């Protein structure tokens, strides 16, 4: 069981790393596009660079959250011996039960697991 949990955590970390690399490439591409766009701002006065910057920041945040959620799903999959869909359902149920954002619950679970603390989730996805 511990080996399964370790394997699931390693897979989740690998997936999170892959997502972070994709995010970095997307941000780099967007930055180049914005740089090129800023040269033509005078020709397109309706272009809102601040809006684009906020959108890019929102995408960065979403990708970071996604990585943490993937890690949390891996932890749950290993602990509960379930598939990714069921693990996500457990996270959603816990988030709703605590009236907290999904990425916050996922972040806490990953942090607790990293610190060696029990997950606090039952097999049904509700607190023990």
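Here are a few things to note about the model shown:
- Residue list for the stretch 72-90, filter: under 16 Å from residue 110 (Cβ atoms) and either surrounded by 22 or more Cβ atoms within 10 Å (Cβ to Cβ) or over 15 Å from the mean Cα position of the chain (by Cα) (or both): 72, 73, 74, 75, 76, 77, 78, 79, 80, 87, 90
- Test: residue in the stretch 103-111 that is modelled with pLDDT of 75 or more, in a loop (DSSP other than H, G, I, E, B) and on the phi < 0 side of the Ramachandran plot: no
- Residue selection: residue 113 fails the criterion of being surrounded by fewer than 17 Cβ atoms within 10 Å (Cβ to Cβ) and under 23 Å from residue 18 (Cβ atoms).
- When residues of the stretch 91-101 are limited to those that are under 15 Å from the mean Cα position of the chain (by Cα) and assigned to a helix (DSSP H, G or I), the one surrounded by the most Cβ atoms within 10 Å (Cβ to Cβ): 91
The values are calculated or read from the model by the stated rules, or taken from the named source; none is laboratory data. These numbers come from a predicted model, not from an experiment. Note that each Cβ is placed from the backbone with ideal geometry, even for glycine, and that neighbours are counted across all protein chains shown.
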